[in-house]
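We did not get these values from a lab; they are worked out from the coordinates using the rules stated. Note that this is a predicted model, so its numbers are computed, not measured. Here the Cβ positions follow ideal geometry from the backbone for every residue, glycine too, while neighbour counts run over all protein chains shown.
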Amino acid sequence: MAKISSEARQQYYERIKEYKQVVEAIHQRESSLKKVVDAEMGPAPYKRIAMADERLNLASYLLLQNELSLTLLGVKNEAFLNDARKSCYQAVIYLEEVVSSYVDAAFTDYSELLEDIEGFEDEKRYSLVRKLGFAIQSVEDAFGANSKWRWSFVELEARFAAVAKNLIDFKSFVAGDDPQIDGFYARRGHLELVIELLTRSADRYREKYELSTLRLDDFKKAIEFLAALRRIHILLGESDKADQIKKKAEVWKSKMETDEKRQKKTRPVG
């Protein structure tokens with residue numbers, strides 16, 4: 001490891017001081033919002049959305065601090081990256097509290113929650129989802145492919161996929177699926193992103209099962225995300241795509257059942 005010059009170290013401490021002040025201000029804004037939410041003793045969905053957004057702002061500044069460490073000191077700062085990862089998780093948790101964490105569920109199961117954020121415009125929903133996705137991917141990239149957190153990102157991305165889906169009001173989506181209606185392109189972009197995220201979550205849980213855990217729970221999660229994807233295609237009247245997903249899920253279920261039988265045979269007795 002190359003020796004760090006006193007000049008580089010001084011630059012680092014001066015710049016990091018500025019970033020830490022911004023980080024502290026973000027924490028204070030989040031804390032103020034949380035106090036209001038706790039005082040109101042209710043859902044306060046818009047404030048939770050604001051808190052999620054602040055968490056993403058926090059993640060971005062933590063990533064900047066890591067970049068500063070890399071640039072001036074030549075060292076990756078795992079503490080900053082881990083805090084950024086936790087901030088992404090907390091952002092997802094706040095959104096789960098707004099629209100639920102349901103994966104494969106009927107739209108009617110959580111439609112009442114969406115009524116509470118009816119004024120949250122489609123463009124803003126899409127923007128928030130993209131911001132969250134960018135933050136998660138940036139943190140994962142900063143850790144690197146061989147990070148100890150590699151497989152934990154599968155869960156984080158999957159939970160992100162679920163809330164991204166649950167932020168879509170499918171009732172108004174179907175009615176407003178027309179380029180002549182305001183917000184069409186944001187709604188379509190959001191939907192296409194959700195389809196991509198659900199597909200990726202299914203594939204990554206399957207990958208996690210095959211390459212890491214061999215836990216049937218991971219395989220079941222993979223199939224659950226396929227089921228959520230199929231539900232969307234059915235809702236949109238896309239029967240061919242729904243049938244394709246159904247066939248894929250059936251193949252995966254068959255493989256899972258075979259693996260389960262083999263695991264039971266090789267499992268120690270007593």
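What is the Cα centroid distance between region 76-117 and region 177-221, reported in whole angstrom?
That distance is 15 Å.
So what is the relative contact order of the chain, in percent, for Cα pairs below 8 Å that sit 6 or more residues apart?
Values: 257 pairs, mean separation 39.6, N = 270.
Relative contact order here is 15 percent.
Answer with one residue from Y19, G176, N82: the one whose Cα lies farthest towards the positive end of the charge dipole of region 6-256, charges on Cβ with Lys, Arg +1 and Asp, Glu -1.
N82
Treating only the Cβ atoms of Lys and Arg (+1) and Asp and Glu (-1) as charged, compute the dipole magnitude of the chain about its Cα centre; round to the nearest 20 debye. Kindly include the intermediate steps, with their values, before the conclusion.
Working: 45 positive and 46 negative charges, 289 e Å.
That gives a dipole near 1380 debye.
Holding the Cα-Cα limit at 25 Å, pick out from K86/K165; K86/K247; K3/K86; K165/K253; K241/K261; K171/K241 the pairs that are longer than that.
On the way: K86/K165 21 Å; K86/K247 37 Å; K3/K86 31 Å; K165/K253 23 Å; K241/K261 31 Å; K171/K241 20 Å.
Among K86/K165; K86/K247; K3/K86; K165/K253; K241/K261; K171/K241, the Cα-Cα distance tops 25 Å for K86/K247; K3/K86; K241/K261.
Taking the highest mean first, how do the peptides 144-157, 225-238 order by number of other beta carbon atoms within 10 angstrom per residue? Walk me through the numbers on the way to the answer.
Values: 144-157: 14.9, 225-238: 19.0.
Descending mean neighbour count gives 225-238, 144-157.
So what is the 222 nm mean residue ellipticity for the chain from helices alone, if each DSSP H run of at least 4 adds -39500 (n - 2.57) and you divide by all residues, rounding to the nearest 500 deg cm²/dmol? Write down the numbers at each step before the final one.
On the way: 10 runs with 202 residues, N = 270.
Result for the chain: -26000 deg cm²/dmol, rounded to the nearest 500.
Using per-residue counts of other Cβ atoms within 10 Å, averaged over each peptide, order 247-253, 80-86 from highest down.
80-86, 247-253
Figure the gain on full extension for K3 and I234 (residue separation times 0.36 nm, minus the Cα-Cα span) and round it to one decimal in nm. Could the numbers behind the result be given before it?
On the way: separation 231, 0.36 × 231 = 83.16 nm, distance 6.03 nm.
Difference between extended and current length: 77.1 nm.
Only one of the listed values, (1) 21.5, 67; (2) 20.4, 62; (3) 18.7, 64, was derived from the coordinates as Rg and Dmax of the Cα atoms in Å; which label is it?
So the calculated entry is the one marked (1).
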